[in-house]
Amino acid sequence: MTNDWTDIKNSDCILVPGANPAENHPASMAWVNEARDKQGAKLIVVDPRFTRTAATADLYVPLRSGTDIVFLGGLINYTLQNKLYNEEYVKYYTNALTLIQPDFQGPADLDGLFSGYDAEKREYDTTSWQYQTEKQTVTVTETDPVTGAEITAGKEVSVVKQATSLDDPNCVFAHLKKHYARFTPEVVEQVCGTSKDKFLEVAELYCATGAVDKSGTIMYAMGQTQHTVGTQNVRSMAMLQLLLGNIGIPGGGVNALRGESNVQGSTDMALLFDLLPGYLGTPRDTDVDFAAYSKQRYDTTSYWANGPKFFASLMRAWFGDAATKDNDYAYDYVPKISGNYSWISLFEAMYANEIKGMVCMGQNPAVGGPNARFERKAMENLDWLVVMDLFETETASFWKGPDVQPKDIKTEVFLLPAVDALEKAGSIVTSGRRNQWRPEVAAGPGDAKEDIWILDRLAGAIKEVYKDSTDAKDRPILDLAWDYGDEPDVELVAREINGYAVEDVKDASGKVLVAKGELIPGFGTIASAADPGTIACGNWLFAGYFFPADDGNGAVMPAVKRRGQKDPGGYGFYPYWGFTWPANRRIIYNRASARPDGTPWAENKKVIWWDSSVDSGKKDAEGNPILGKWVGYDVPDFSATKAPDAEADPAKTSLGAQSGTDPFIMKSDGKGWLFAPSKLKEGPFPEHYEPLESPVQNPISSQQNNPVIKLWDTDADKDIGDKVGTSDEFPIICTTYRVCEHWQAGAMSRTLPWLAECQPDMFVEIGEELAQERGINNGDQVIVSSARGQIQMVALVTKRWKPFRVDGKKVHEVGMPWHFGWQGLATGDVANDLTAHVGDGNTMIPEYKAFLVDVRKA
């Protein structure tokens, strides 16, 4: 989340596309309803199904699964055509005025593709997407390292060119208008199956939040991300919010509703294969040394210029004294990735006998993975499988699942009983980035152990096996710093994650910033350290979270443990409750909450502002205090003493290269990107492509699917394999979702009698019209089939689904929960036996939300 759960109450309009918070994030509705009750905020729900959230909404609008880019693109076009965007915000805070290479072309010119596409490689050459630049000579003053004398010289630098008007045909804004001119209300109706009138109701309500005294928030979940264009769906929401000036302000933002209390924390701590803790880039095999890694992975003109320092402090945490400046902080110890190791790729490798063992902690891929029959078959190739969980899950018992003969399975399965979240102490991070400490409130049963206990014993055993090795490749194991006590102490782990001084930490002048052994107060200490290797920090974003802090009432404790309830400003920030990364900041990019001159956009939306009368804490050459500082109700996401009129210095790095009106400090140009010249594989603007399986041809262009997605065809000619269905055989769209009564892949809820009683059976929701066409009655047993297999369940005939009219064709959609499996009290067939092995073009998140099926009476 760019904002926080509590901040939803400050919104004037709440847009919920692809989420069902009333059912899946019910606590959030308290803040939604407070916004509605106190300031008349409107709740808009856009979803293929009439959900429990839709039942509470001021406006519900249906759309066909997989068409969000068209719907959101329609809102962007409506904003542009009616000049509802915040023009001052757009000019100063986004890259709207940036000039793009003159040979750039987009889908309006190239029938659904961008310039640079290589059809054979299924990838883009992004040269034509880049900014125009020009050379400038600037004066640079440096200190001679030998004599200490200052040397002034001219230096040639490359500067990004800017247009003087939004009408310049080569600027981002002109390209944006051209791209989205195609997404008219009529096209939204044609592609999404949403009536033009309903769409215009949404547009009128939500786009009005571009007024400076209004704010609109977007709450989204897996209904946006689990598509082959999931990343670009999220991009679309971010771009709409940038145009409306809804980023960095209270009641605004792009807010992901995480599926569990600590999903945010797991990504912060590097759950994903291409990240290290704190979203540092995982080194690739092309990063031949630390210098190459630092150059290729981090922008030098954003705050990411400090990335190499954060990496160094992480290595010191991991490898202790073995990580030194002389050996590039043990850079060679870190494995280098050479491919894509995301979920689908791993199971494809497992299926191909390339992976021989798996440790599975608190997840259930036998139920939760796409093309689950394929993935369970892949597990049969494992020599060993370790499952750490509360119950015997379907993954732990895959060897006795449907159509499996236990005698044919060679895999040795170890089931390690783990404790529940409430049976162990530690910190969790909510969707709003708020880090909170949870105490142990009950003891686990029997031999069940905490994850930290299991991992500690495992690490110790591995180090014991290798203790006599003299092989250089084993040094990372031998040198691994691992000392959390005989019975691992979670607070020692928290201390390491926060960061502490392993030696006196000094800045470039030799001033001691933090004494040896002390915790660091924040990541600024790492950025200021002359040698970041004097700090061991397990996650730079969490720096300060375990540092002693006031709870607002005079009591001092680790920041993450605070429960102070003071709320300066009344926005619901509660700065003394827990710790929100980064730097206890509730709204990221909050410099954008003030005008370019530093004054608030509106009195009722002010968060931080520039006060020229406040002592900055700095002195001029004569020793006089320098006045001017950012103040307000939140921690500024900006250099606290950088004046609004400060000019960018192209000769400098990090924030020195950005001006006082560049609020997006993690971007190389300090701007919010309406146009992405890098990072995204399928284009600098979102473009509509149909899901891999669709009942219609793409009405926008002849490019049917995302042109950069990875297509698998393993054993496509066999009963279990990577198959793609067609609408001739499977004419109905299907989507999956959660229900309030069950939890994720079901292991924790299907074992509980009271929840099993609430939702005892696997079911499919079918609209009344489709049910009548197929002769299906409510409560009938039905077969739902896809190209990957078929499953049986109860039919729930409902008014919640209605057919769509798409490009003149009637299209039906059905939906089913994905919680069920063969273990526990409430059992049922696995929904993901039907989903496809295909993922998003950037993240590879599977396309669970749109695939083709057929439905018949059993």
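The values are calculated or read from the model by the stated rules, or taken from the named source; none is laboratory data. Source: prediction; values computed, not measured. Every residue, glycine among them, receives a Cβ derived from its backbone with ideal geometry; neighbour counts consider all protein chains shown. Heavy atoms of the whole protein, side chains included, go into the accessibility calculation; ligands, DNA and RNA do not. Shrake-Rupley method; radii C 1.70, N 1.55, O 1.52, S 1.80 Å.
If His175 satisfies all but one of (1) surrounded by 19 or more Cβ atoms within 10 Å (Cβ to Cβ); (2) farther than 24 Å from Met239 by Cα, what's the number of the condition it fails?
The single condition His175 does not satisfy is (2).
Which condition does Asp715 not pass, out of (1) in contact with a Gly (Cβ under 6 Å, 6 or more places away or on another chain); (2) buried (at least 19 other Cβ atoms within 10 Å of the Cβ); (3) not hydroxyl-bearing (Ser, Thr, Tyr), if it passes all the others?
(2)
Hey, can you tell me all the residues within region 289-345 that are hydrophobic (A, V, I, L, M, F, W, C), more than 23 Å from the chain's Cα centre (by Cα), over 30 Å from Ile709 (Cβ atoms) and open to solvent by 10 Å² or more (accessible area, probe 1.4 Å)? Before you say what the answer is, go through the steps one by one.
Here is the first cut: in region 289-345, the ones hydrophobic (A, V, I, L, M, F, W, C) are 290-292, 304-305, 310-312, 314-315, 317-319, 322-323, 330, 334, 337, 343-344.
Right, trim to more than 23 Å from the chain's Cα centre (by Cα) and you get 290-292, 312, 315, 317-319, 322-323, 330, 334.
The next check asks that each one be over 30 Å from Ile709 (Cβ atoms); those that pass are 290-291, 312, 315, 317-319, 322-323, 330.
Within region 289-345, Phe290, Ala291, Trp318, Phe319, Ala322 meet the criteria.
Scan Gly554, Gly524, Gly578 and give me the residue that is open to solvent by less than 40 Å² (accessible area, probe 1.4 Å) and either among the polar types (S, T, N, Q) or out of contact with any helix residue (DSSP H, G or I) (no Cβ under 8 Å at 6 or more places or on another chain) (or both).
After applying the criteria, what remains is Gly524.
Tell me which of these Ser158 doesn't satisfy, since it passes every other one: (1) in a loop (DSSP other than H, G, I, E, B); (2) among the hydroxyl-bearing types (Ser, Thr, Tyr); (3) open to solvent by 50 Å² or more (accessible area, probe 1.4 Å).
Every condition holds for Ser158 apart from (1).
Listed residues Thr843, Thr835, Thr798, Thr827; which is touching a helix residue (DSSP H, G or I) at 6+ places or on another chain (Cβ under 8 Å), within 28 Å of Leu390 (Cβ to Cβ) and among the polar types (S, T, N, Q)?
Only one candidate passes the filter, namely Thr835.
Can Gln190 be described as assigned to a helix (DSSP H, G or I) and under 24 Å from Ile845 (Cβ atoms)?
Against the criterion (assigned to a helix (DSSP H, G or I) and under 24 Å from Ile845 (Cβ atoms)), Gln190 does not qualify.
Of all residues in region 286-335, how many are of a type in the set (D, E, K, R), touching a strand residue (DSSP E or B) at 6+ places or on another chain (Cβ under 8 Å) and modelled with pLDDT of 95 or more?
As a first pass, look at region 286-335 and keep what is of a type in the set (D, E, K, R): 287, 289, 295, 297, 299, 309, 316, 321, 325-326, 328, 332.
Right, trim to touching a strand residue (DSSP E or B) at 6+ places or on another chain (Cβ under 8 Å) and you get 297, 316.
The next check asks that each one be modelled with pLDDT of 95 or more; those that pass are 316.
Within region 286-335, residues that are of a type in the set (D, E, K, R), touching a strand residue (DSSP E or B) at 6+ places or on another chain (Cβ under 8 Å) and modelled with pLDDT of 95 or more number 1.
So, Gly216, is that one in contact with a strand residue (DSSP E or B) (Cβ under 6 Å, 6 or more places away or on another chain), at positive phi and not hydroxyl-bearing (Ser, Thr, Tyr) or not?
No: the conditions fail for Gly216.
Residues to consider are Gly779, Gly775; find the one that is open to solvent by 10 Å² or more (accessible area, probe 1.4 Å), touching a Lys or Arg at 6+ places or on another chain (Cβ under 7 Å), at pLDDT 95 or above and at positive phi.
Gly775
What's the total number of residues in region 670-703 that are touching a helix residue (DSSP H, G or I) at 6+ places or on another chain (Cβ under 6 Å) and either more than 22 Å from Lys177 (Cα to Cα) or outside any loop (DSSP other than H, G, I, E, B) (or both)?
Total meeting the criteria: 1.
Just name the residue that is least open to solvent (accessible area, probe 1.4 Å) out of those in region 97-118 that are aliphatic (A, V, I, L, M), closer than 17 Å to Gln132 by Cα and not in a loop (DSSP other than H, G, I, E, B).
Ile100
Just the residues that are touching a Lys or Arg at 6+ places or on another chain (Cβ under 7 Å), part of a loop (DSSP other than H, G, I, E, B) and under 22 Å from Pro532 (Cβ atoms), please, taken from region 243-297.
Pro283, Asp287
Step by step: first the residues of region 1-39, then only those that are over 24 Å from Ile588 (Cα atoms) and touching a residue at least 24 places away in the same chain (Cβ under 8 Å), then the one that is surrounded by the fewest Cβ atoms within 10 Å (Cβ to Cβ). Which residue is that?
Looking at residues that are over 24 Å from Ile588 (Cα atoms) and touching a residue at least 24 places away in the same chain (Cβ under 8 Å), I get Lys38.
Has region 474-483 got any residue that is loosely packed, with under 14 Cβ neighbours inside 10 Å and either within 21 Å of Leu314 (Cα to Cα) or in contact (Cβ under 8 Å) with a residue 40 or more places away in the chain (or both)?
There is at least one residue in region 474-483 that is loosely packed, with under 14 Cβ neighbours inside 10 Å and either within 21 Å of Leu314 (Cα to Cα) or in contact (Cβ under 8 Å) with a residue 40 or more places away in the chain (or both).
Exactly one of these conditions fails for Thr751: (1) open to solvent by 10 Å² or more (accessible area, probe 1.4 Å); (2) part of a strand (DSSP E or B). Give me its number.
Single failed check for Thr751: (2).
State all residues of region 792-827 that are open to solvent by less than 20 Å² (accessible area, probe 1.4 Å), within 25 Å of Glu392 (Cα to Cα) and in a loop (DSSP other than H, G, I, E, B); if no residue qualifies, say none.
His819, Phe820, Gly821, Ala826
In region 167-191, how many residues are closer than 15 Å to Asn82 by Cα and among the polar types (S, T, N, Q)?
Matching residues across region 167-191 total 1.
If Asp4 satisfies every condition in (1) within 25 Å of the chain's Cα centre (by Cα); (2) charged (D, E, K, R); (3) on the phi > 0 side of the Ramachandran plot but one, which is the exception?
For Asp4, the exception is condition (3).
When you go through (1) open to solvent by 50 Å² or more (accessible area, probe 1.4 Å); (2) over 24 Å from Tyr333 (Cβ atoms) one by one for Asp471, which number turns out not to apply?
(2)
Condition (residue is in a loop (DSSP other than H, G, I, E, B) and farther than 17 Å from Val46 by Cα) applied to region 218-241: is it met by at least one residue?
yes
For region 669-692, does any single residue satisfy the condition of being surrounded by fewer than 23 Cβ atoms within 10 Å (Cβ to Cβ), free of Cβ contacts under 8 Å to residues at least 60 places away in the same chain, more than 30 Å from Glu156 (Cα to Cα) and touching a Gly at 6+ places or on another chain (Cβ under 9 Å)?
no
Can you tell me which residue in region 624-654 is nearest to the chain's Cα centre (by Cα), limited to those that are closer than 17 Å to Ile588 by Cβ and open to solvent by less than 30 Å² (accessible area, probe 1.4 Å)?
Restricting to residues being closer than 17 Å to Ile588 by Cβ and open to solvent by less than 30 Å² (accessible area, probe 1.4 Å), the top hit is Asp637.
Which condition from (1) among the hydrophobic types (A, V, I, L, M, F, W, C); (2) over 26 Å from the mean Cα position of the chain (by Cα); (3) within 25 Å of Thr209 (Cα to Cα) is the one that Ala108 breaks?
(3)
Where residues in region 67-96 are open to solvent by less than 10 Å² (accessible area, probe 1.4 Å) and assigned to a loop (DSSP other than H, G, I, E, B), which of them is nearest to Lys667 (Cα to Cα)?
Among residues in region 67-96 that are open to solvent by less than 10 Å² (accessible area, probe 1.4 Å) and assigned to a loop (DSSP other than H, G, I, E, B), the one nearest to Lys667 (Cα to Cα) is Asn95.
Do we have Leu271 as closer than 18 Å to Tyr78 by Cα, surrounded by fewer than 24 Cβ atoms within 10 Å (Cβ to Cβ) and aliphatic (A, V, I, L, M) here?
no
Can you tell me which residue among Gly499, Gly538, Gly510 is open to solvent by 20 Å² or more (accessible area, probe 1.4 Å) and either touching a residue at least 40 places away in the same chain (Cβ under 8 Å) or over 29 Å from the mean Cα position of the chain (by Cα) (or both)?
Exactly one of Gly499, Gly538, Gly510 is open to solvent by 20 Å² or more (accessible area, probe 1.4 Å) and either touching a residue at least 40 places away in the same chain (Cβ under 8 Å) or over 29 Å from the mean Cα position of the chain (by Cα) (or both), namely Gly510.
Filter region 274-288 for residues that are open to solvent by 20 Å² or more (accessible area, probe 1.4 Å) and not hydrophobic (A, V, I, L, M, F, W, C); which is farthest from Asn340 (Cα to Cα)?
Tyr279
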